[in-house]
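Q: Please see the structure below; I have some questions.
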Amino acid sequence: MSEKINSAPPHETQSKTEQRFETEVMPFLNQLYSGALRLTRNPHDAEDLVQETFLKAFRSFDSFQEGTNLLAWLYRIMTNTFINSYRKDQRRPRTETMAEITDYQLSQDDSNRESRSAESLALDRLGTQDILDALDALPDEYREAVYLADVEGLAYKEIAEILDIPSGTVMSRLHRGRAKLRKMLRERVEAEVQMS
């Protein structure tokens with residue numbers, strides 16, 4: 001029989017545990033929802049995934065080791081829940097994009113606009129939706145890594161914990177995912193240049 005490591009103070013009441021859970025976990029709600037939306041590509045499924053994640057996290061909150069990364073622990077629960085429950089439905093079309101991602105600045109200073117190439121000018125017209133569409137078109141393994149690193153700003157070690165893969169695999173997926181993303185965006189720019 002394995003013994004759980006309890007992060008709760010000795011003799012903590014259910015009420016205190018609930019209060020501690022609310023205080024420590026609830027601040028991550030929006031961040032988890034953004035991640036869930038990126039995984040599920042559907043706002044209703046994202047809400048369900050976050051709800052399941054919070055329920056599972058609450059049920060096993062006494063096994064969380066105090067002093068470790070709570071966000072990584074929550075993402076791990078969410079990712080496992082997604083893999084177990086949602087992946088078979090992953091091909092459903094997404095009905096809403098993530099509004100939290102701001103426009104990328106893909107161009108240099110506008111002051112030298114006249115001397116720039118047509119491709120560079122097309123990059124100026126590449127907006128958030130183009131970037132989101134390209135990110136969504138990435139295979140799951142690359143999209144998850146790129147999203148966690150470049151949107152959520154997590155470190156390689158945290159991503160490795162969340163996805164339950166070695167850090168080297170994280171670096172490889174990020175490298176390949178970013179290369180695929182660049183290629184897709186470059187193709188969009190080239191198509192834009194040819195049309196103009």
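The values are calculated or read from the model by the stated rules, or taken from the named source; none is laboratory data. Everything quoted here is computed from the prediction, not taken from an experiment. Every residue, glycine as well, gets a Cβ built from its backbone with ideal geometry; the counts of neighbours run over all protein chains shown.
Q: Filter the stretch 159-196 for residues that are touching a residue at least 12 places away in the same chain (Cβ under 8 Å), small (Gly, Ala, Ser) and in contact with a Phe, Trp or Tyr (Cβ under 9 Å, 6 or more places away or on another chain) and give the result.
A: As a first pass, look at the stretch 159-196 and keep what is touching a residue at least 12 places away in the same chain (Cβ under 8 Å): 159, 161-164, 170-171, 173-174, 176-178, 180-181, 184-185, 188-190, 192-193, 196.
Then drop every residue that is not small (Gly, Ala, Ser), which leaves 177, 196.
Result: Gly177, single match.
Q: Turning to a different aspect of this structure: Taking only pairs six or more apart or across chains, which ones have beta-carbon atoms under 9 Å, a first residue in the stretch 69-88 that is β-branched (Val, Ile, Thr), and a second residue that is modelled with pLDDT of 85 or more and outside any helix (DSSP H, G or I)?
A: As it stands, the answer is Ile77/Ser60; Thr79/Asp164, since those pairs meet every condition given.
Q: Any residue in the stretch 140-158 that's in the same structural domain as Gly168 (by TED's automatic domain parsing) and without any contact (Cβ under 8 Å) to a residue 40 or more places away in the chain: show its pairings with residues that are outside any helix (DSSP H, G or I) and of a type in the set (A, V, I, L, M, F, W, C) at Cβ separation under 7 Å, as long as the two are six or more apart or on different chains.
A: Here the result reads Val146/Leu138, each pair linking the stretch 140-158 to a residue that is outside any helix (DSSP H, G or I) and of a type in the set (A, V, I, L, M, F, W, C).
Q: Looking at (1) under 17 Å from Ala72 (Cα atoms); (2) surrounded by fewer than 16 Cβ atoms within 10 Å (Cβ to Cβ); (3) not polar (S, T, N, Q), which one does Asp133 not meet, given that it meets all the others?
A: All conditions pass for Asp133, except number (1).
Q: Can you pull out the residues in the stretch 153-190 that are outside any helix (DSSP H, G or I) and out of contact with any Leu (no Cβ under 9 Å at 6 or more places or on another chain)? First the steps, then the outcome.
A: From the stretch 153-190, those outside any helix (DSSP H, G or I) are 153-155, 164-166; that's our starting set.
Those that are outside any helix (DSSP H, G or I) and out of contact with any Leu (no Cβ under 9 Å at 6 or more places or on another chain): Gly153, Ala155, Asp164, Ile165, Pro166.
Q: Scan the stretch 110-119 and tell me whether some residue there is surrounded by 14 or more Cβ atoms within 10 Å (Cβ to Cβ) and at pLDDT below 60. Give the derivation first.
A: Taking the stretch 110-119 as the starting set, the residues that turn out to be surrounded by 14 or more Cβ atoms within 10 Å (Cβ to Cβ) are 116.
If we keep only those that are at pLDDT below 60 as well, we get 116.
Yes, the stretch 110-119 contains at least one residue that is surrounded by 14 or more Cβ atoms within 10 Å (Cβ to Cβ) and at pLDDT below 60.
Q: I need the full set of residues from the stretch 159-192 which are surrounded by 16 or more Cβ atoms within 10 Å (Cβ to Cβ) and either acidic (Asp, Glu) or in the same structural domain as Ala36 (by TED's automatic domain parsing) (or both), in order please.
A: Listed by number, the residues that qualify are Glu161, Glu192.
Q: Regarding the stretch 29-47, can at least one residue be identified that is of a type in the set (A, V, I, L, M, F, W, C), over 18 Å from Leu163 (Cβ atoms) and free of Cβ contacts under 8 Å to residues at least 12 places away in the same chain?
A: No, the conditions are met nowhere in the stretch 29-47.
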